[in-house]
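Single-structure report; data block below.
The values are calculated or read from the model by the stated rules, or taken from the named source; none is laboratory data. Since this is a predicted model, take the numbers as computed values, not measurements. Cβ placement follows ideal geometry from the backbone for every residue including glycine, while neighbour counts extend to all protein chains displayed. All accessible areas refer to the heavy atoms of the entire protein, side chains included, with ligands and DNA or RNA removed. Shrake-Rupley method; radii C 1.70, N 1.55, O 1.52, S 1.80 Å.
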Amino acid sequence: MRKYLLGISLIFLIVIAGCSDFSAGSSDYSEQPIEITSVSKGEVVQPGEMLDIEYSINETEQILNRLIVTITGPGGEIYSETVIEEEPLSGWAEPLNFGEDAPEGIYMLQFDFYSGEELFISDTYSIFVAASRSSIISITSYPPVLYPGGGGLFHAETDCSDSSSWMRWTLDGEVIASGLISEGYESIEIQAPQTEGVYDLSLEIFPFAPAEGSDYDFKSAVRKDVPVYVNTRQKSGTSEFGPDEDFYALFHFRGNLLDSVSYDGNGAPYRLNYTGKPVLSLKNGIFGYYIDSFSGLSAERLLLPVADGKLQPFSLMAALVPTALSIPEGSRAGLFRSGYSDGSLSAALDVLPDGRLYAVLRIAGNSYGLISDVPMLYANEYSSIALSVQPTEKDLTIILFKNGRPESEITYPASDDETPAWFAIAQQEAEASTQILADTDAGFEAMIDEIGIYNKQSPDGLSIDPEQYRRAMELEYGKFLMYAEGFDSDSQEFRELNPDVEITGSNLIIPAGGAALFPAVYPGYEEVVFRIELAAAGTGEAVFYAEMDGTEIGSIDFKSDGTDPVSFSLVFTPEAVNVEGAGEQNGFSGFSGDFSGLVFRLVNSDPDNVLAVGNILVTRQNISISENSNETNGKISVPVLNIKESSLRS
């Protein structure tokens with residue numbers, strides 16, 4: 001990756017290049033009396049190919065009767081010379097032949113037009129003879145919109161098979177980077193200008209490098225100009241932490257260290273400080289900062305929500321890819337630490353040598369800790385983790401999540417005869433500080449994508465991001481994801497559909513004999529896979545309806561001991577809906593009609609016990625999106641339901 005000044009966005013191309021230099025007349029090519037129409041500037045010709053010669057003669061008083069086409073080879077030698085004599089010139093000549101043994105390199109084509117014995121005009125083109133023609137498949141920008149003064153990475157995917165291909169990046173017509181693809185010039189780092197606006201970024205590829213210390217004085221024949229957007233107003237993507245207003249502090253690391261939600265007294269966003277050299281990086285498709293053992297981030301403020309002496313519910317959320325996990329035995333590396341200098345209040349999330357997480361909250365001399373039951377971080381694996389701290393008058397609960405799933409939990413009861421320590425935090429005059437990945441030489445290195453303090457409270461008083469499971473599944477499944485729900489927090493949208501169910505402890509609790517209705521998904525002709533994880537043993541039934549009129553499509557009975565997820569598929573074809581993976585229930589449902597909107601319902605078949613659902617995941621096995629879907633990426637849409645009462649099973 002190369003670093004240069006400025007940057008952005010997407011494209012495709014064929015690679016070639018060229019130049020033109022008239023020895024007479026105006027410098028504006030469009031005003032020249034003769035135009036070569038069959039040769040592109042900088043065209044790539046493969047050995048053995050023929051190059052057509054066609055030209056147009058604009059109005060001129062002279063009668064042109066002779067054309068000499070001279071080809072000069074890479075070493076400066078005359079490769080061939082063709083003379084065409086006819087009065088007047090017809091605008092066409094025999095194709096030029098580049099033999100199978102034509103050496104690769106840059107060739108000069110000189111077109112000399114004569115009127116009688118007098119040279120009327122001379123036109124010179126540079127072309128390339130190369131074994132292959134390269135193309136640029138795409139250019140991806142990270143992030144899509146740059147922050148003024150922030151950094152960005154731009155990566156070109158090409159089909160260049162030759163390491164000698166030369167890449168040139170230009171910004172508003174000025175070269176900002178150039179070099180061989182073998183030297184890493186398919187990726188560059190750019191620093192955005194301080195002024196908001198739209199800028200032009202171009203990429204060209206030449207088959208060969210120019211002479212050492214020089215550059216081509218002509219453009220590539222096929223090039224692409226793409227807009228570079230520089231703006232302070234940036235919205236969170238669907239796979240990013242957000243929305244911003246739900247967070248106490250939020251760092252997206254979109255080429256800068258700014259807090260997206262907190263501002264100082266002058267109205268400027270807070271920013272993190274850094275030690276060492278955090279480096280903008282792209283790993284496993286994730287963009288962020290690579291922080292080695294000698295670097296780190298910090299802030300001179302407390303990143304824990306406290307109001308009126310009370311610690312507020314919050315979830316520390318982090319998305320990262322560990323690149324080195326070699327912490328010495330008996331040690332731990334600090335992923336996040338924030339607190340007062342006198343030790344009266346602090347929170348820490350550390351990484352242990354085996355990848356487990358150690359969370360500890362210290363308040364007025366009391367410690368409240370939790371070590372994850374299983375490793376939560378692995379080298380070179382993307383993980384979205386969360387430390388949830390939920391204080392109440394009765395107790396303090398700490399939960400560790402990975403990819404939206406609760407992994408470990410502990411609850412500390414409050415004392416009966418005094419105010420809990422977490423609700424009796426004295427006003428502090430001590431200095432506060434926060435460190436992120438700041439343990440020098442601790443053996444832990446990572447590429448950090450995002451980190452934030454989520455503190456929006458749901459109706460049940462918890463502060464757990466209800467989108468964390470969906471977000472993790474979207475990163476894993478992309479456009480194959482149709483629906484994902486982890487029940488990490490009470491959702492008003494889900495509550496409106498199901499006023500009688502309960503969401504607690506990251507589980508959906510369906511009462512005995514009860515049912516829960518889910519938003520519609522929109523299949524095309526494809527296989528739709530349902531995966532249901534139960535938190536405990538239970539039996540149930542999944543019932544499917546057509547959104548259009550509430551007609552029942554089919555139903556599947558399921559049973560689980562709570563250890564393995566229940567999984568089955570519905571295969572939609574123009575003729576029928578087929579059930580697979582449901583044992584004896586496999587087969588055609590017998591339904592015919594419009595199934596473009598599919599509503600499903602889970603029924604608790606146990607008359608005596610609740611059904612505890614940990615999460616539900618719906619994915620498609622192939623992309624064939626319904627025309628009725630509001631989202632072409634297959635994300636769910638909450639329907640206005642019109643289900644016939646007679647078709648509902650209880």
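Here are the numbers for the structure shown:
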quantity	calculated
Selection count where residues are assigned to a loop (DSSP other than H, G, I, E, B), open to solvent by 50 Å² or more (accessible area, probe 1.4 Å) and not polar (S, T, N, Q), scope the range 400-442	8
Cβ pairs under 9 Å, 6+ apart, first in the range 374-391 and under 24 Å from PHE287 (Cα atoms), second surrounded by fewer than 16 Cβ atoms within 10 Å (Cβ to Cβ) and of a type in the set (A, V, I, L, M)	ALA379/ALA324
The range 453-465: number of residues that are touching a Leu at 6+ places or on another chain (Cβ under 8 Å) and either modelled with pLDDT under 90 or surrounded by fewer than 20 Cβ atoms within 10 Å (Cβ to Cβ) (or both)	0
Hits in the range 143-165 - residues which are open to solvent by less than 50 Å² (accessible area, probe 1.4 Å), closer than 30 Å to LEU96 by Cβ and of a type in the set (Gly, Ala, Ser)	SER164, SER165
Residue check for ILE84: open to solvent by less than 40 Å² (accessible area, probe 1.4 Å), in contact (Cβ under 8 Å) with a residue 60 or more places away in the chain and part of a strand (DSSP E or B)	no
Members of the range 281-292 found to be open to solvent by 10 Å² or more (accessible area, probe 1.4 Å) and either of a type in the set (A, V, I, L, M, F, W, C) or not in a strand (DSSP E or B) (or both), listed by number	LEU282, ASN284, GLY285, ILE286, PHE287, ASP292
Leading residue by the ranking (farthest from the chain's Cα centre (by Cα)) among those in the range 298-338 that are in a strand (DSSP E or B) and more than 20 Å from PHE444 (Cβ to Cβ)	LYS310
Some residue of the range 571-583 being surrounded by 15 or more Cβ atoms within 10 Å (Cβ to Cβ), among the hydroxyl-bearing types (Ser, Thr, Tyr) and either modelled with pLDDT of 85 or more or not in a strand (DSSP E or B) (or both)	no
Residues of the range 281-316 satisfying the condition of being more than 19 Å from SER384 (Cα to Cα) and modelled with pLDDT under 90	SER293, PHE294
GLU189 vs. criteria outside any strand (DSSP E or B) and among the charged types (D, E, K, R)	no
Residue list for the range 97-125, filter: over 12 Å from VAL69 (Cα atoms), of a type in the set (Gly, Ala, Ser) and part of a strand (DSSP E or B)	GLY105, SER115
In the range 123-142, residue nearest to VAL226 (Cα to Cα) [restricted to those that are open to solvent by less than 10 Å² (accessible area, probe 1.4 Å) and not aromatic (Phe, Trp, Tyr)]	ILE139
One residue from SER367, SER384, SER344 being polar (S, T, N, Q) and buried (at least 20 other Cβ atoms within 10 Å of the Cβ)	SER384
Selection count where residues are touching a Gly at 6+ places or on another chain (Cβ under 9 Å) and modelled with pLDDT of 90 or more, scope the range 177-188	1
Odd one out for TYR216, checked against (1) surrounded by 15 or more Cβ atoms within 10 Å (Cβ to Cβ); (2) within 30 Å of ASN380 (Cα to Cα)	(2)
Among the residues listed as LEU497, LEU517, LEU475, the single one being at pLDDT below 90 and touching a Leu at 6+ places or on another chain (Cβ under 6 Å)	LEU497
Filter result for PHE251 (farther than 30 Å from GLY42 by Cα, at pLDDT 80 or above and in contact with a strand residue (DSSP E or B) (Cβ under 8 Å, 6 or more places away or on another chain))	yes
Hits in the range 512-533 - residues which are open to solvent by less than 50 Å² (accessible area, probe 1.4 Å) and not in a strand (DSSP E or B)	ALA512, GLY513, GLY514, PHE518, PRO519, TYR522, PRO523, GLY524, GLU526
Hey, ILE205 farther than 30 Å from ILE84 by Cα, buried (at least 19 other Cβ atoms within 10 Å of the Cβ) and in contact with a Ser or Thr (Cβ under 6 Å, 6 or more places away or on another chain) or not	yes
Looking only at the range 342-358, and only at residues there that are in contact (Cβ under 8 Å) with a residue 40 or more places away in the chain and under 29 Å from the mean Cα position of the chain (by Cα), the one that is farthest from SER326 (Cα to Cα)	LEU357
GLY237, sole failed condition from (1) modelled with pLDDT of 90 or more; (2) touching a Pro at 6+ places or on another chain (Cβ under 9 Å); (3) of a type outside the set (S, T, N, Q)	(1)
Test: residue in the range 298-309 that is surrounded by fewer than 14 Cβ atoms within 10 Å (Cβ to Cβ), in contact with a helix residue (DSSP H, G or I) (Cβ under 8 Å, 6 or more places away or on another chain) and not aromatic (Phe, Trp, Tyr)	yes
Residue satisfying condition, being assigned to a strand (DSSP E or B), farther than 28 Å from GLN234 by Cα and acidic (Asp, Glu), within set GLU212, GLU204	GLU204
Filter result for ASP342 (of a type in the set (Asp, Glu), under 23 Å from ILE363 (Cβ atoms) and not in a strand (DSSP E or B))	yes
Conditions (1) open to solvent by 20 Å² or more (accessible area, probe 1.4 Å); (2) more than 18 Å from the chain's Cα centre (by Cα); (3) of a type outside the set (D, E, K, R): number failed by SER239	(2)
Restricting the range 51-81 to residues that are outside any strand (DSSP E or B) and among the polar types (S, T, N, Q), the residue that is surrounded by the fewest Cβ atoms within 10 Å (Cβ to Cβ)	ASN58
Where GLU450 falls short, out of the listed (1) part of a strand (DSSP E or B); (2) open to solvent by 40 Å² or more (accessible area, probe 1.4 Å)	(2)
Residue match in the range 466-480 (condition: open to solvent by less than 30 Å² (accessible area, probe 1.4 Å) and either in a strand (DSSP E or B) or touching a Pro at 6+ places or on another chain (Cβ under 9 Å) (or both))	no
